[in-house]
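A.B. asks: The structure's right below; bear with me while I get my questions together.
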Protein chains: 2
Amino acid sequence: MEMERGGEGGTGTLGKAMAVLETVALSDRPLRFTDVLAVSDQPRGTLHRQLSHLVQEGLLELRPDHAYVPGLRLLKLASASWARNEIRAVAAPFLEALHRQTGETVHFGVLRGREIIYLDKVESRQAVRMNSQIGNASPAFCTGVGKAALSTLDAEALEAALAGMEFRRFTPHTITDRSSFIAELDLIRQSGIAFDREEHEPGIRCVAAPIYDESRSLVAGVSVTGPAYRVSDAQLSQWAPLVGEAARAIMGELSARLGPQR
Amino acid sequence: MEMERGGEGGTGTLGKAMAVLETVALSDRPLRFTDVLAVSDQPRGTLHRQLSHLVQEGLLELRPDHAYVPGLRLLKLASASWARNEIRAVAAPFLEALHRQTGETVHFGVLRGREIIYLDKVESRQAVRMNSQIGNASPAFCTGVGKAALSTLDAEALEAALAGMEFRRFTPHTITDRSSFIAELDLIRQSGIAFDREEHEPGIRCVAAPIYDESRSLVAGVSVTGPAYRVSDAQLSQWAPLVGEAARAIMGELSARLGPQR
DNA sequence: CCAAAATATTCCAATATGTGGAACTCAGTT
DNA sequence: AACTGAGTTCCACATATTGGAATATTTTGG
């Protein structure tokens, strides 16, 4: 009998191909064949064919200098994925309202395993460009949105998320042990509000609230973020009710829009 | 001996999986199993397993009402794809300059087969949001950027692009037959400038110029776009030199930045 | 409330596909 | 010219995919 692998791994061929794709696409620099080989556990011949297939499919691109970079087909797929996301569409107007009320950056992200994936971001007068943050994954345990989301999980789901969670230190304020983290979640659960006081990025503070449905098939969060020099603790606390209200409003709209039609 | 398929098709298993993924992700509404079955040429059992695998990999999501929608993993991959695109990064400052000079929306897209994939867009004071246009694919034959790009292809590559091109009518001004289109390309080749006078979207005009490298491994275009009521033909002609200059500047920078290190 | 119909899911023998160790090629060096 | 290191190709073998048909589930409507 084949042992189930620890978490992700292999939907047969596709799973392996995706693992390779992600290695290359999420790396911060172009990788050459040997670079990929070094981090992959596939044998030479196999890996080479997998990369070739990914290139043929337009998911990767092989530059003349033999470096693999993300292909254009990914963009095409992603824009569809973003544009058609109903949860994002429902939340958008509330995020904008929250931004107008606070004047600071508003984030909206969903929990996926141990990560938060940002679906939307509303920020100041920024020459927006497709913000590279959108679609980005951040660790859940040290972000406001992530902690808010985790606080809504039941014992079993939380255990699954915590299992193997790496409490990596990003800043001096990062919570780096499991028991402190569980205590923090208790606090968040009581107040319905999560704070991130420079736990993920130095100089960045935020206040967040959870968004979820009864079945916990959706676990997400919304936050207001600002630079520490401009945003005091008192300021965060003052925004808390607004953030909580936005979260409740989004939940209400979600259950109204998505609930019935099931 | 297996006959080579007409164009796209099958890198074995991965190719088929991607075809299914694209069917679902690029559809404008959630598809249920039978919907996908109807447009796919795969047998029931096969298709079902392919969809299951895509769901397991997070590329698709299966909602409780049995509808398949694009998954979050696509977003994660895409943001990397966009953020790390060197061509886009090189072009960005020139696009912004062009926007400042004209005050209208600037597009930048690359040719991929018969489509233009938009890599960037700089527009007026728009509450940007991750513009759904980015990553979008439009037909090359009826867009300014697309026609500019096609005009740089040699006979062989152009033939490949034209083969099987559907000259679908989008507006009364769309060029809908091959010979008129080839004549149009000749014109563009001579002037180095392409106009789109409401050929794709009613009420939308643009002027575009091609961007390419010697080897034609990169074929792209840049354009300035505006609403017909505000942008006259004379205005477009007046912008043409600016657009051409921007294109040349981008090409210069590209050859300087990407050329040597090959 | 229970059949009938439509839809979704599972099964499994046949086989097309992917696997991977080893051989080969093609720079760029020493 | 021999050597190193990277990339690419090969092919007997193993296995994941295939797909027709059976089964399960949900929906319809009488």
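A.B. asks: Any chance region B:170-184 includes a residue that's part of a helix (DSSP H, G or I), at pLDDT 95 or above, of a type in the set (Asp, Glu) and assigned by TED's automatic domain parsing to the domain that holds residue B:92?
C.D. replies: The answer is yes; a qualifying residue exists.
A.B. asks: What about residue B:75, is it among the hydrophobic types (A, V, I, L, M, F, W, C) and more than 7 Å from chain A (Cβ to nearest Cβ)?
C.D. replies: In short, no.
A.B. asks: Only one of these conditions is not met by residue B:66: (1) within 14 Å of DNA strand C (Cβ to nearest atom); (2) more than 11 Å from every other protein chain (Cβ to nearest Cβ). Which number is it?
C.D. replies: Of the numbered conditions (1) within 14 Å of DNA strand C (Cβ to nearest atom); (2) more than 11 Å from every other protein chain (Cβ to nearest Cβ), the odd one out for residue B:66 is (2).
A.B. asks: Buried (at least 19 other Cβ atoms within 10 Å of the Cβ) and either in a helix (DSSP H, G or I) or among the small types (Gly, Ala, Ser) (or both): which single residue out of A:74, A:37, A:111, A:119 fits that description?
C.D. replies: Exactly one of A:74, A:37, A:111, A:119 is buried (at least 19 other Cβ atoms within 10 Å of the Cβ) and either in a helix (DSSP H, G or I) or among the small types (Gly, Ala, Ser) (or both), namely A:74.
A.B. asks: From (1) open to solvent by 40 Å² or more (accessible area, probe 1.4 Å); (2) away from every other protein chain (no Cβ under 11 Å); (3) in contact (Cβ under 8 Å) with a residue 12 or more places away in the chain, pick out the condition that doesn't hold for residue B:98.
C.D. replies: With (1) open to solvent by 40 Å² or more (accessible area, probe 1.4 Å); (2) away from every other protein chain (no Cβ under 11 Å); (3) in contact (Cβ under 8 Å) with a residue 12 or more places away in the chain applied to residue B:98, the lone miss is (1).
A.B. asks: Based on what the data block shows, is residue B:53 in contact with a helix residue (DSSP H, G or I) (Cβ under 8 Å, 6 or more places away or on another chain), outside the structural domain of residue B:246 (by TED's automatic domain parsing) and open to solvent by 50 Å² or more (accessible area, probe 1.4 Å)?
C.D. replies: Judged against the criteria, residue B:53 is not a match.
A.B. asks: What is the one condition in (1) charged (D, E, K, R); (2) open to solvent by 40 Å² or more (accessible area, probe 1.4 Å); (3) within 16 Å of the chain's Cα centre (by Cα) that residue A:177 does not satisfy?
C.D. replies: Against the list (1) charged (D, E, K, R); (2) open to solvent by 40 Å² or more (accessible area, probe 1.4 Å); (3) within 16 Å of the chain's Cα centre (by Cα), residue A:177 comes up short only on (3).
A.B. asks: Is one or more of the residues making up region A:4-17 away from DNA strand D (no atom under 11 Å from the Cβ) and crowded, with 18+ Cβ neighbours inside 10 Å?
C.D. replies: To start, the set of residues in region A:4-17 that are away from DNA strand D (no atom under 11 Å from the Cβ) comprises A:4-9.
Within this subset, residues satisfying the condition of being crowded, with 18+ Cβ neighbours inside 10 Å are none.
Checking region A:4-17: not a single residue is away from DNA strand D (no atom under 11 Å from the Cβ) and crowded, with 18+ Cβ neighbours inside 10 Å.
A.B. asks: Within region A:41-61, can one find any residue that is more than 16 Å from DNA strand C (Cβ to nearest atom) and part of a helix (DSSP H, G or I)?
C.D. replies: No, the conditions are met nowhere in region A:41-61.
A.B. asks: Return yes or no: is residue B:27 within 13 Å of chain A (Cβ to nearest Cβ), more than 11 Å from DNA strand C (Cβ to nearest atom), surrounded by 15 or more Cβ atoms within 10 Å (Cβ to Cβ) and at pLDDT 90 or above? Can you show your working first?
C.D. replies: Working: within 13 Å of chain A (Cβ to nearest Cβ): yes; more than 11 Å from DNA strand C (Cβ to nearest atom): yes; surrounded by 15 or more Cβ atoms within 10 Å (Cβ to Cβ): yes; at pLDDT 90 or above: yes.
Here the answer is yes, as residue B:27 does meet what is asked.
A.B. asks: Here is a follow-up. Return yes or no: is residue A:229 open to solvent by 60 Å² or more (accessible area, probe 1.4 Å) and within 20 Å of the chain's Cα centre (by Cα)?
C.D. replies: Criteria not met by residue A:229.
The values are calculated or read from the model by the stated rules, or taken from the named source; none is laboratory data. For clarity, every value in this text was computed on a predicted model and none was experimentally measured. Neighbour counts run over all protein chains shown; Cβ positions are idealised from the backbone, glycine included. Accessible surface is based on the protein model in full, side chains and every heavy atom, while ligands, DNA and RNA are left aside. Shrake-Rupley method; radii C 1.70, N 1.55, O 1.52, S 1.80 Å.
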